[in-house]
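The values are calculated or read from the model by the stated rules, or taken from the named source; none is laboratory data. Keep in mind the model is a prediction, meaning the values are calculated, not measured. Note: ideal-geometry Cβ built from the backbone for every residue, glycine included; neighbour counts use all protein chains shown. We work out accessible area using only protein heavy atoms, side chains counted, and drop any ligands, DNA or RNA first. Shrake-Rupley method; radii C 1.70, N 1.55, O 1.52, S 1.80 Å.
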Amino acid sequence: MNPLVAIVGPTATGKSRLALRLAQDFDGEIVSADSRQVYRFMDIGTDKPSQQERALVPHHLIDIVNPDENFSLAQYQQLAYQAIDDIQQRHKLALLVGGSGLYVWAVLEGWGIPQVPPDREFRHRLEEKAAKGKAGELYQELVKIDPVAAQRIDRRNVRRLIRALEVSRYAEAPFSRLQAKKTPPFDVLIVGLTADRAELYRRIDLRVDKMIEHGLVEEVRKLVALGYDLELPAMSGIGYKQIGLFLRGELTLEAAVQQIKTETHRLVRRQYNWFRLTDKRIHWFDVGGEVEPEITKLVAEFISN
């Protein structure tokens, strides 16, 4: 069983900085578990590691598709397993790092992910239905054909509802049945970073202000100039959506920045649904204090054992 260290938790807790330090200390390489950093040309709004940081430590699954290309959870899982295996074959420590719970647990728990390609026409039809206030009907339809999946999915998460219906339709089998888990061949240590909610919000607000200072508006403007439509799924992420509204004249810059902060605060609450403080698999550390020495010791003991 090869060792794998996962560093998880909400945004703005310093996961990337910690991973960089651990990778340097333990001859490791970083596998990103961030659903937005996979896209090229989207650097500032996704808070990607800098070129200098990537020169210090190899990073995987960053900048692998263009913003207008489809990228699925199944693709991510396959590429993550390949990257982790490659790192371990070279006798280095693999670190899975990120706050995208879907990506993290798909890898750590070995989710069975249905290999059903997206049907844009089918999705568009259901999205229009949801937009007309009939998302509840989609949920009830899923309850009829796959009650197990319906129980697992938040009825407000329209995207996941549509995907479950899509898979069940084309695979001719319930979505939940196709999601059987297979434990991957890793010995895993999961390190979670957390902080008091007020401190997290403070960190987030400072980060957003820095993104604006470092050119987020110019980055979104450049993406549009390259031909990437603001309606693309990749451009719907926090930061890009709001700056897009500003560029279209639908928000002032001040209002767009405030929306980014508010939506990122909401993201934190969703991330804690994926990474629960009561989850015994996760070794939690409050970043309000000096935690690196303790985490370094924990990782060293994990590797030696």
Problem - Members of the range 26-42 that are more than 21 Å from residue 75 (Cβ to Cβ) and part of a loop (DSSP other than H, G, I, E, B) - result: 26, 27
Problem - Yes/no for residue 29 being touching a helix residue (DSSP H, G or I) at 6+ places or on another chain (Cβ under 9 Å) and under 21 Å from residue 188 (Cα atoms) - result: yes
Problem - Cβ-Cβ under 8 Å pairs, at least 6 apart or on other chains, the range 273-288 side hydrophobic (A, V, I, L, M, F, W, C), far side open to solvent by 90 Å² or more (accessible area, probe 1.4 Å) and part of a loop (DSSP other than H, G, I, E, B) - result: 282/276; 284/277
Practice task
Check whether at least one residue in the range 78-86 is open to solvent by 80 Å² or more (accessible area, probe 1.4 Å), within 22 Å of residue 180 (Cα to Cα) and assigned to a helix (DSSP H, G or I), and report yes or no.
Solution key: yes
Handout entry: Residue match in the range 230-253 (condition: at pLDDT 95 or above, closer than 30 Å to residue 92 by Cα, touching a Leu at 6+ places or on another chain (Cβ under 9 Å) and in a loop (DSSP other than H, G, I, E, B))
Key = no
Practice task
Evaluate the range 92-113: report whether one residue or more is in contact with a Ser or Thr (Cβ under 7 Å, 6 or more places away or on another chain), in a strand (DSSP E or B), farther than 20 Å from residue 192 by Cα and at pLDDT 95 or above.
Solution key: no
Practice task
Would you mind stating whether residue 248 is out of contact with any strand residue (DSSP E or B) (no Cβ under 8 Å at 6 or more places or on another chain) and open to solvent by 90 Å² or more (accessible area, probe 1.4 Å)?
Solution key: yes
Exercise for the section: Might you let me know whether the range 18-36 holds any residue that is in contact (Cβ under 8 Å) with a residue 60 or more places away in the chain, over 23 Å from residue 89 (Cα atoms) and among the acidic types (Asp, Glu)? Expected result: yes
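Checking the conditions here, which among 268, 287 is out of contact with any Pro (no Cβ under 7 Å at 6 or more places or on another chain) and either surrounded by fewer than 13 Cβ atoms within 10 Å (Cβ to Cβ) or not aromatic (Phe, Trp, Tyr) (or both)? So that I can check it myself, show each step before the final result.
Values: 268 fails: out of contact with any Pro (no Cβ under 7 Å at 6 or more places or on another chain).
Result of the check over 268, 287: 287.
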Handout entry: Residues satisfying the stated conditions in the range 43-77, i.e. within 26 Å of residue 22 (Cβ to Cβ), outside any loop (DSSP other than H, G, I, E, B) and open to solvent by less than 20 Å² (accessible area, probe 1.4 Å)
Key = 76
Exercise for the section: Those residues that are touching a helix residue (DSSP H, G or I) at 6+ places or on another chain (Cβ under 9 Å), open to solvent by 60 Å² or more (accessible area, probe 1.4 Å) and not in a helix (DSSP H, G or I), I need them from the range 271-284; list them, please. Expected result: 281, 283
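Could you please find all residues in the range 175-218 being part of a strand (DSSP E or B) and closer than 30 Å to residue 261 by Cβ?
In the first step, residues of the range 175-218 are kept if they are part of a strand (DSSP E or B); the result is 186-194.
Within the range 175-218, 190, 191, 192, 193, 194 qualify.
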Problem - Which listed residue is within 21 Å of the chain's Cα centre (by Cα) and among the charged types (D, E, K, R), from 207, 169, 177 - result: 207
Problem - Residue in the range 91-104 that is open to solvent by 20 Å² or more (accessible area, probe 1.4 Å), more than 27 Å from residue 10 (Cβ to Cβ) and in contact with a strand residue (DSSP E or B) (Cβ under 7 Å, 6 or more places away or on another chain) present - result: yes
